[in-house]
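What follows is a set of notes on a single structure, which appears directly below.
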Amino acid sequence: MGRLPVPTRPSGSAAVFLYGGNRRRGKARWQAARKPDDQVQSNLKASLHTSSKSSTTSSLSSSTSESSSKNIDASNSFSYESPLSELSNKPPARDTSAPSSAPSNALRLLSILKDVSEMFNGVPYVKAVTGIVSQILEIIKEVQSNKSRCQELVDKLISYSRVVFVALLKFKNQSGCDLSDLKEDLLEITSVFESIYEILKALSASTTSSKITRVLRREDIQGQIEEQSRRLDTTITSFQLKSAIVLRVQKDSQAHDKNEPSDGLPTRRLTPKGLRSKPKMVVGREKEIGDIVDIILGVGDSPPRLAILGPGGIGKTSLALSVLHEGRIRQKYGDARLFIPCEATSSIDLLLMEIAHVLDIPVTARESSAQLLTVILRHLCQKPHLLLFDNFETPWDSHQTRSDVEALITELDSIPSLAVLITLRGSQHPSGMSWSKLLPPLQPLDLESAKCIFSSISKKMNEEAINLIQAVDRIPLAVTLLANLAAVDGETTEALWLRWQEERISMVESGQDRLTNLESSIRISIHSPRMQRDAGSLQFLSVLSMLPDGMSESIRLACVKGFPAHFNVNKSISTLRQNALLFEDSNHVLRVLSPIRLFMIDNYPPSQEWRDFLQAHYLSVILDDEANRDTRFNKQLTSDAGNIDAMLIDCLKSGRPLADIVEAVLVFCQHIYSTGIGSAQCIALAVDRLQATQDVSSQLAMKSPPGKIKRFSLFGAFPLRKMPSAQKKVVLEQSVDPFLKLHADCYGCWGQLLSRQWKHTEAEKLFQAALVLHIKARDQSGQAYDLHNLACLLSRQTHSSDAAERNFLEAITLHRADGDVIGEAYDIMGIGHIKLQKSALEDAEAIFLEALKLFSDIGDNSGQASAFNNLGKTMQYFSKFCDSESYFSRGLKLYTDLEDSFGQSESLVGLASSFLLRSKFCEAREFLEKAMALRSPYIDPDHLHILGRICIAETNFADATKHLLTAKELHSTLGNHLGIADDLHYLASVEFYSGNMQDALVKKEESMNLYKAHGNKLGMADSLTWEGMFLIRRSGSLTDVDSKLQAALQLHTELRSSLGQAVDYYHIGTMFLQDELYEKAMTAFDQALQLHTSIENAQGQADDLTKISEVLLRVGELNEAAIKLSDALALHIEISDSAGQGDDLYMQACIYLEQAALNDLHLETEDEYTTNDCMIMDTIPDFDPALPVNSSSRVFYLENAENALREALVLHKRAGVVFGEAKDLGTLASVIFELWKARDNESWDSEEVHEAYKVLDAAIAIFHRLGATKEVRMCGYHWDVMDDY
């Protein structure tokens, strides 16, 4: 079939250089910088502004090359404005204003407030609440600023105050009720109300100084308002729950004293008595549920006692309820499965009352706690129970109540028929219980389970949804709340993702309690009694929250040494671990879940002292000279990349000296470029800081001692530049403007990072800006780097390859003048890429070898690795796949040693392509997937192109189409026209094999036009081969087919492409076979087989052998045909080529049919089989040489032919090769009809005859759709034969 891919296209970029370096190694003291002027920077701003308005990615034109030093007026002066605002994707600010509440709410509150004040006049803690509310209602009228936000807060306070006052009035109306249990809660409410009053008071002052203070502290004031709003939510929720319990218990007691049944709870209760319903959705906890159920039902002497631990929102309650509703648990315990909510039971008395209520035990006011406990224990002993204590940390956490609570569970532990299950925030098991097993704290869900929850609720799933799920660390509560937001009609995950970047966890809420508001849940954890007993734990959590990658052992030790002596780091870690506010991952790194970390940053940021400590630590790590020469440095940067990124951004926002920070940013960006780990945010912010800073020049001058300047490249440290003389060296060094140079280096660095993220338009603008500034700074070396990088971008767009080559040549001139051998070598390699694109393969090979020698002479391993990769690509064009694999393997080893993930990815893709072209499809897919993983999350269209070709080789046409279309779209965005042409070439092949001939022809014409427009000879040769194959299928004239294939063969021979020549000979042989020129066909197939064998292309060899078998069959050499076919089938099976196996089985059927024809011939002549005939039949499966030559032998051969054709049909259908399917159907119809005749079936209305007509009709329909006129005629002939019979 000749399903043979062409070689991989070059990636385009020979190399990209990183600007900047260690400013402490200057060759001479740098002179003070001038303040630059406006023109160039304003041009850049305008250019970027124009780019941001464009809806499509603009192409890089050849005019880019004209932006060189000779065309720029170096006398111009300019000022700076960073292009960061044009390149960032920061979402717009949201309007959070809210309308004011109606005055009637305040009036209704005043009425209730008056009643409460009169009724509780002798209760000081109630009087305090009413007094502060009255003051707030008065002062809100005088607020001068933040009026809208303050009114919103007061509206909430009014609503919540009515809740409190109504509850108090119910207490008063219920005679004998005691408020002492609510004293603590009412005092907490008073505290919150007083804090709100103080804020309003500060905002109502009308003096000039107060107004100025409000302006200066407006952000701080806004934060205070938000903080008190959150405190208000938490406090009122707690009051509601506790007052409901106290009121209900006291009323039950009164009803019992009167021997009257209680009429139930007069106020709202959030949870029903007994057992809560089963959670609607619990995903990803199947193992935990199964493990807990097995323990509860396990046979043993001790009753089950288990604690489900973990942080807030992790799904402890849902897991526990799922266990209680599990079928086997329900069957064993029935209605003795009881849910006991503990979130408002802050004392042992309240806990006992709640247990009694759930057990339907009446409580009297005269009963002591000890008496009530006795009644509870007696009740539980009557039959087996399973008690679930939810949120057990509330009664247990308090230091005052812990001993009583542990005494209670000790009593419960003594009941052998009682099963106990508790949920508790933290990682510590309470004492007093004989725990059956110490279960580890619950962890976040795996990604697939979290996606399942999100999509089940919202019915949406895309990249933004996954971003949201990952942003909340897959915490079930947060995922559920986000999914509910996404489920709102008209809401999109894209809009939610933008909101998240602005609002973060404040948007994850649907109510005010711990189960519907993530902030409330987190606040409960950080304000627990255990946290309050260790004052330093909250401070340490704030420090830890600054580190998104967590705190490694080395950082922890640095904290132990660097923190004040009174601060106990290890104690704080222990406290946070007990409260499940941090966890330790498999690498022993202390981490904080993302929602908790973001909450701490927003609400409890670390003090400036701690920030200064972290900043100094990470700056010292990056700028340590010794560390830079140690391979462990790269590993540390990789593991700490997120932390370093965050701290560099924090440094840039601080008042630290800018020179050190920018130097650290440039060093870190070198690491980002090589590994792909990190973001461009720090370099963008550095550019902003540079434009706003006037003093950096003096800082740089003071930091630069006499010595030698060392430049850094993304491919390693450059050697020292060679200068003609010391005097010239000093003159050149002293002429460089340090401020402009630093700013230019940052632009260039930023552009490099964007170029590796495929943001080529933005990268080009930054390289242009860097070039302008380097010229102004008189930095010749910097100019060379800029020209090189611009050339790399231009070389990706084949229409501007000439401009790219000019830029490379100009860069070579500058690098030679500067004595920069490595820079020169990369420039040379860039020219080699252009030659490769133009199919000047011998020139490209010579250039790459020249670059390799330069890199080798100066010992630059990264450069050598890049040269090896380029030579590997060149060898693929020459079809020297073994040599190609050798080059790529050498490049991969060097890149691995250098820990350059981008380079490793390029080497792996090259190896994948070589394996593909040698028909090692499994290995090709394995290496390509590794390469794509290294580049994730960025998608390289060349990787998708190779993946599409692998799918074609595996006859998975649906996936091939998907990947190739995506690659084409990305290539189009990047302006890579040769990439588009390659994608179209293989999309045409998919359409061809799928039988969509017109679509195939359209795509092929598009690709051929692109190849011609860009002078790509290899693409044109491959297109001519394809056109010849198309004409053969359409039964075109021998002259037209021969013209196409001979032209293709000539080009492939000129290009020394053995693979291309082999494919041409294969199709030439097919052409001769179709015209029954068997000798010429055999010669062509033999030549194809020799070429395919020489380059180790197994698929090509197998296809050639199948065709050779067909030629031998046509000329009557059945024995040789069977042998060749057996070899072909073995190869097709080895490479898992189902379509090829289908072709082989079709040929096997043809051999059986030929044997049946020979049998008929012998029957007619009454001759015996010859010895040679028996040898032929020995090569055919299931053939019995002893079988006599008669009608039964004919049936035997026809049945074997039928079986082979049906198997071939299955394989061709599975592969989607419709032409093979049509051939199978057409021949099968004839075989079915002949079998009917051979069996002497006289009934014309038999199933066999009907099937034969039906199958033949299907074959004709497919051949007609494919335009295979010759095959249509043959099917028509068979139809006539059946009709005539």
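Separation of the range 446-508 and the range 1089-1154 by C-alpha centroid, Å?
Cα centroid of the range 446-508 versus Cα centroid of the range 1089-1154: 55 Å apart.
Going down the table (K968/K1080; K968/K1017; K765/K838), which pairs top 30 Å between alpha carbons? Write out the running numbers ahead of the final one.
Details: K968/K1080 39 Å; K968/K1017 20 Å; K765/K838 27 Å.
K968/K1080, as the Cα separations exceed 30 Å there.
Normalized C-alpha radius of gyration of the range 978-1096, against 2.2 N^0.38 Å? Please report the intermediate quantities before stating the final value.
Values: Rg = 13.9 Å, N = 119, 2.2 N^0.38 = 13.5 Å.
Cα Rg divided by the expected 2.2 N^0.38 Å: 1.03.
How many Å² of accessible area per residue for the range 945-1044, probe 1.4 Å? Let's see the in-between values first.
Values: 3380 Å² over 100 residues.
That works out to 34 Å² for each residue.
Name the residues whose placed amide hydrogens come within less than 5 Å of the amide hydrogen of R337, ignoring near sequence neighbours (fewer than 5 apart) on the same chain.
Sorted by chain and number, the residues that satisfy this are L386.
Of the heavy-atom accessible surface of the range 538-679 (probe 1.4 angstrom), what whole percent is carbon and sulfur?
Working: 2820 of 5500 Å².
It is 51 percent, rounded to a whole number.
Based on the Cα coordinates of the range 540-688, what is the per residue volume of their convex hull in Å³?
Values: hull volume 18.1 nm³, N = 149.
Cα-based convex hull of the range 540-688, divided per residue, equals 122 Å³.
P(r) of the range 970-1009 in 5 Å steps, Cα pairs, percent per bin?
7, 29, 28, 19, 12, 4, 0
In the range 867-1019, how does Rg compare with the Kirkwood Rh, expressed as the Rg/Rh ratio over alpha carbon atoms? Kindly include the intermediate steps, with their values, before the conclusion.
Numbers: Rg = 15.5 Å, Rh = 15.8 Å.
That ratio is 0.98, to two decimals.
Longer than 31 Å from Cα to Cα, which of K1003/K1270; K170/K278; K1003/K1223 are they? Say none if no pair is.
Numbers: K1003/K1270 25 Å; K170/K278 33 Å; K1003/K1223 25 Å.
Table pairs above 31 Å Cα-Cα are K170/K278.
What pairs in K287/K437; K332/K383; K880/K1107; K280/K451; K280/K316 have C-alpha atoms more than 18 Å from each other?
Violating the 18 Å Cα-Cα cut-off are K880/K1107.
Subtracting the Cα-Cα distance from 0.36 nm times the residue separation, let me have the gained length for T1039 to V488 in nm, one decimal. If you can, show how the numbers build up before the last one.
Working: separation 551, 0.36 × 551 = 198.36 nm, distance 6.58 nm.
Fully extending the segment from T1039 to V488 adds 191.8 nm.
Measuring from label point to label point, each 7 Å out along Cα→Cβ, what is the E118 to T1083 span in nm?
The answer from the label model is 12.1 nm.
Report the percentage of all Cα-Cα pairs in the range 887-977 whose separation exceeds 18 Å, rounded to a whole percent.
Details: 1870 of 4095 pairs.
In whole percent, the share of Cα-Cα pairs in the range 887-977 beyond 18 Å is 46.
Determine, from the Cβ-Cβ distance of C922 and S1126 and an R0 of 25 Å, the FRET efficiency 1/(1 + (r/R0)^6), rounded to the nearest 0.05.
0.60
Would you work out what percent of the accessible area of the range 342-393, with all protein chains in place, is carbon or sulfur (probe 1.4 Å)? Intermediate results must be reported in sequence, preceding the final value.
Values: 1110 of 1960 Å².
Accessible surface attributable to carbon and sulfur in the range 342-393 totals 57 percent.
Considering just Cα atoms, how many Å³ per residue does the convex hull of the range 773-908 enclose? All intermediate terms of the calculation are to be shown ahead of the outcome.
Values: hull volume 14.8 nm³, N = 136.
So the per-residue Cα hull volume is 109 Å³.
Per residue Cα convex hull volume for the range 1050-1106, in cubic angstrom?
Details: hull volume 3.7 nm³, N = 57.
With only Cα atoms used, the range 1050-1106 gives 64 Å³ per residue.
Read phi for every residue in the range 580-590 and hand back ³J(HN,Hα) as whole Hz from Karplus 6.51 cos²θ - 1.76 cosθ + 1.60, θ = phi - 60°, with x for Gly and Pro.
Per residue, the Karplus-derived 3J(HN,Hα) values read 6, 8, 9, 9, 10, 7, 5, 9, 6, 9, 7 Hz.
By how many nm would the segment from C381 to E194 grow when fully extended, if each residue of separation counts as 0.36 nm and the alpha-carbon distance is taken off?
Values: separation 187, 0.36 × 187 = 67.32 nm, distance 4.92 nm.
Length difference between fully extended and current span is 62.4 nm.
Can you give the extra length, in nm with one decimal, that the chain gains between N570 and D959 once fully stretched, where that is 0.36 nm per residue apart less the Cα-Cα distance?
Details: separation 389, 0.36 × 389 = 140.04 nm, distance 5.35 nm.
Full extension from N570 to D959 adds 134.7 nm.
Using heavy-atom solvent-accessible surface (probe 1.4 Å) with all chains present, what is the largest-first order of W1026, W1279?
Numbers: W1026 10, W1279 75 Å².
Descending accessible area places them as W1279, W1026.
Out of residues 5 or more away from G310 or on other chains, whose amide H comes under 5 Å of its own, with H placed 1.01 Å from N in the peptide plane?
Under 5 Å from the amide H of G310 lie the amide H atoms of L424, G426, L442, each far enough along the sequence or on another chain.
At 0.890 mPa s and 25 °C, plugging the Kirkwood radius over alpha-carbon pairs of the range 106-155 into Stokes-Einstein gives what diffusion coefficient in µm²/s? Walk me through the intermediate numbers first.
On the way: Rh = 11.9 Å.
Result for D is 207 µm²/s.
With the full set of protein chains in place, find how many percent of the accessible area of the range 1052-1118 is carbon and sulfur; take the probe as 1.4 Å.
Numbers: 1110 of 2380 Å².
Here carbon and sulfur together make up 47 percent of the probe-accessible area.
What is the calculated FRET efficiency for R656 to L110, with r their C-beta to C-beta distance and R₀ = 60 Å, to the nearest 0.05? Present the calculation step by step, with values, prior to reporting the outcome.
Details: r = 54 Å, r/R0 = 0.90.
Once the sixth-power term is evaluated, E becomes 0.65.
One-quarter of the Cα convex hull surface for the range 823-895, in nm²? Don't skip to the answer; put the middle values down first.
Details: hull surface 16.6 nm².
Answer in nm², one decimal: 4.1.
The values are calculated or read from the model by the stated rules, or taken from the named source; none is laboratory data. Every value quoted in this text rests on a predicted model; they were computed, and no experiment measured them. Cβ atoms come from the backbone with ideal geometry, glycine included; neighbour counts cover every protein chain shown. Remember, those area values only see protein heavy atoms, side chains included, never the ligands or the DNA or RNA. Shrake-Rupley method; radii C 1.70, N 1.55, O 1.52, S 1.80 Å.
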